[in-house]
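J.: Quick one: this structure, given as structure tokens, is what I'll be asking you about.
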Amino acid sequence: MNRKSLRITIMLAAALFLSAVSDPALARRGETGEKKTGVLLLAHGGSQKWNDEVNKIAAQVNESMPVEVAFGMAAKRSIQDAIDRLIARGVRDIVAVPMFISSHSSIITATEYLLGLRASAPPELAIYARMSHDHGSHTASQPEDSSFDPTTPVKSTVPIRMTQALDNHPTVAAILLSRALGISQQPAREVVILVAHGPVSDKENDRWMAEMKSLAEQMKGGSGFKRIDYLTVRDDAPEPLRSRATAELRRVVERAIGEGNKVLIVPLLLSYGGIEEGVKKCLEGLSYVMSRQALLPDDRLAAWVLLSAEGAARNQ
């Protein structure tokens, strides 16, 4: 995809979003309709600046559908409070939209359990339950009271469904391509490397890699880049997995440089403040350019949330 095609893609995405948020039928449904669907926007949480970007997306979607945000990693209290707020706003059903990079993680399966969408909880839920989720600070905390159990499903008087995470959605590919083109000078002599956090387990990592392959293929078409590589650094994995993953990143960069190419690093992250510093340390002494922006902020993610929720509402 060349710059002209990218501009057209962005304009189409914006048009879809604007038409959706300005649809009188949707507006009526959001206010008084029989089938008033609310959106439970799930997000990891981070710095106040990052949380503000998520809240900005929620505000845009809220013009068409009631939205409440639940920050945290499978944080039952945050999820329950957001559900209660949606019910208080009169919704008849709820669509949970996880603004996470991949559907293949214990955070997603733990959230599915808390929402009553799966029979058993992953063992990691017990770990998440002991964390403090305020503004993305995931440190051990004491239970808020003896009657509240953070490891049991939430309570809801309305049905709840859940969509997929960002995964390999075309919107993600379009944003990543924007980031790559933003630091590109001669695409034909440049190798783009997508770098993601990645999960701990090998099985889930294979699924992440399959989605990243799909994103790379979507980006490649017509972009003019020499090649688009992709990998996960798995920095939460135990040794020696973590060291092997970071060493592989260095090898991939060294290979591209050895072929006479310029290297463009594009992290597949919702926000900066994590693995990008480890990537820089791993690549010390090597020549590369890293995108200065993660997926956020980008208004196209608001369109993705709205379309995901509307799609789930239509297919119930």
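J.: Can you name the condition, by its number, that residue 33 falls short on among (1) at pLDDT 90 or above; (2) assigned to a loop (DSSP other than H, G, I, E, B)?
T.: Answer for residue 33: the failing condition is (1).
J.: Can you tell me how many residues within segment 214-257 are free of Cβ contacts under 8 Å to residues at least 40 places away in the same chain and assigned to a loop (DSSP other than H, G, I, E, B)?
T.: Looking only at that region, the number is 7.
J.: If you check residue 191 against the conditions, is it of a type in the set (Val, Ile, Thr) and at pLDDT 95 or above?
T.: Against the criterion (of a type in the set (Val, Ile, Thr) and at pLDDT 95 or above), residue 191 qualifies.
J.: Here is a check on your reading of the model: is residue 43 touching a Phe, Trp or Tyr at 6+ places or on another chain (Cβ under 7 Å), within 21 Å of residue 271 (Cβ to Cβ) and not assigned by TED's automatic domain parsing to the domain that holds residue 272?
T.: Criteria met by residue 43.
J.: Considering each residue of segment 106-147, count those that are in contact with a His (Cβ under 6 Å, 6 or more places away or on another chain) and at pLDDT 90 or above, and give that number.
T.: Residues meeting the conditions: 0.
J.: Related question: Considering each residue of segment 172-182, count those that are crowded, with 18+ Cβ neighbours inside 10 Å and more than 17 Å from the chain's Cα centre (by Cα), and give that number.
T.: The total comes to 2.
J.: With the condition kept exactly as written, say whether any residue in segment 196-211 is within 23 Å of residue 102 (Cβ to Cβ), of a type in the set (S, T, N, Q) and either loosely packed, with under 13 Cβ neighbours inside 10 Å or touching a strand residue (DSSP E or B) at 6+ places or on another chain (Cβ under 7 Å) (or both).
T.: Yes, some residue in segment 196-211 is within 23 Å of residue 102 (Cβ to Cβ), of a type in the set (S, T, N, Q) and either loosely packed, with under 13 Cβ neighbours inside 10 Å or touching a strand residue (DSSP E or B) at 6+ places or on another chain (Cβ under 7 Å) (or both).
The values are calculated or read from the model by the stated rules, or taken from the named source; none is laboratory data. Computed from a predicted structure; not experimentally measured. When we count neighbours, we look across all protein chains shown, and the Cβ atoms used for this are built from the backbone with ideal geometry, even at glycine.
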